[in-house]
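Encoded as structure tokens, the structure appears first; notes follow it.
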Ligand code: A2P
């Protein structure tokens, strides 16, 4: 008897989590869907059956579930993930709250496996996931010394509130989620600013890259930017390798990777865009070229669906790999 709970089931990522449970053929006997009080009683169709959304309470989190997948924000995860864990569940959490804690695994299944010091597993930041998937074959073949990220992140990464600001902004409404208008604009500001001038989103990309690739010596820097598109993130990566490589060798290492699609034919205007990546499980790369200003350095343009590999798909792939290992 396997029980699975989804927390944040009414959200943008939560509804994709439910879709991914089906797409990845996760087997369960019992499925429970949680959200906040305001959604309790709503009905959701999953696999031809109707489920009623439950309010997440402390009492509910004391029930025993085998697996809990969460995407309901940091404060909900902070409070409820340990309660589910204490009740005997393995929790896979999509918020940033647990990711950098020393005893918490931060997992991209193609790259690393949980060590289970605790039964809370963290799903990395959306832009970080797609970037490390692309960096890993480079690290394996040539070593990665340094990476500079510049992101172009869609509004669905901010949940319903981001989507609303873009849609309503187009009709002239003031933003309610972002500090400045996103319609017809770009914002070099994702998450809160820190004392050193970086944002928390940039810090997540810097810290999480090193943790997932298990290499503190990689120099990482980032500028994270919100752009007025609905879905899929793009990341411009400037990567310094550990040794000399040709453009062809770099392209080949992407071509050999089962989860990466190389789209790189400028003569035919072929390069990945957010529309190409939408609803696709792979990470797309293109515009591979040498950066002549630094030794062994290349530009890599990297695009992925932030709600799939950047969030729900990676979470469910973690769940599947844990279930398969049982
Ligand atoms: P609800 O829809 O009831 O507010 P998004 O990021 O797309 O806005 O979604 C956030 C998700 O997290 C929603 O499913 C939301 O439920 C859920 N959520 C927010 N706060 C809580 C909470 N305190 N307990 C449970 N679920 C929550």
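Things to note:
- Note that the chain carries a Kirkwood radius of 20.4 Å, evaluated over its alpha carbons pair by pair.
- Taking the Kirkwood radius as Rh and the Cα radius of gyration as Rg, region 128-306 has a ratio of Rg/Rh equal to 0.99.
- Ranked by the mean number of other Cβ atoms within 10 Å of their residues, highest first, the peptides 257-267, 38-48 fall in the order 257-267, 38-48.
- Panel order for 279, 93, 66, by other beta carbons found within 10 Å of each beta carbon, from fewest to most: 279, 66, 93.
- The chain: most fluctuating residue of 310, 73, 197 per GNM, C-alpha cutoff 10 Å: 197
- Taken along the Cα-to-beta-carbon direction at a fixed 7 Å, the label points for residue 252 and residue 115 span 3.5 nm.
- Each distinct pair of alpha carbons in region 71-215 adds a 1/r term; the inverse of their mean, the Kirkwood radius, is 16.9 Å.
- Packing here is the average count of other Cβ atoms within 10 Å per residue, and on that basis the peptides 181-190, 113-122, highest first, run 113-122, 181-190.
- Computed from label points 7 Å out along Cα-Cβ, the spacing between residue 30 and residue 293 is 5.8 nm.
- Across the chain, Cα pairs under 8 Å and at least six residues apart give a relative contact order of 18 percent.
- Helix 159-169 axis versus longest C-alpha principal axis of the chain: approximately 70°, rounded to the nearest ten.
- Convex hull projection area averaged over all views, region 239-293, Cα basis, nm²: 4.7 nm²
- Per residue Cα convex hull volume in Å³ - calculated over region 1-103: 101 Å³
- Computed from Cα positions, the angle between helix 200-212 and the longest principal axis of the chain comes to roughly 80 degrees.
- Gyration tensor verdict on region 184-272 (Cα atoms; rounded if a/c is under 1.5, prolate if a/b is larger than b/c, oblate otherwise): oblate
- With Cα atoms defining each centre, region 287-303 and region 98-123 are spaced 30 Å apart in the structure.
- Share of Cα-Cα pairs in region 227-326 lying beyond 16 Å, as whole percent: 62 percent
- Acute angle (nearest 10 degrees) that the helix 313-325 long axis makes with the longest principal axis of the chain, alpha-carbon atoms: 70 degrees
- Here is how the number arises for the chain: DSSP H runs of 4 or more residues each give -39500 (n - 2.57), the sum is divided by the residue count, and the result at 222 nm is -9000 deg cm²/dmol.
- Difference of contour (0.36 nm per residue) and Cα-Cα distance, residue 78 to residue 62: 4.3 nm
- Ordering of 19-31, 99-111 by packing [mean C-beta count within 10 Å, highest first]: 99-111, 19-31
- Here the convex hull built on the C-alpha positions of region 207-257 has a volume of 140 cubic angstrom per residue.
No value in this document is a laboratory result; all are computed from the given coordinates. Here the structure is a predicted model, which means the values were calculated and not measured. All Cβ positions, even for glycine, are placed from backbone atoms using ideal geometry, and neighbour counts span all protein chains on display.
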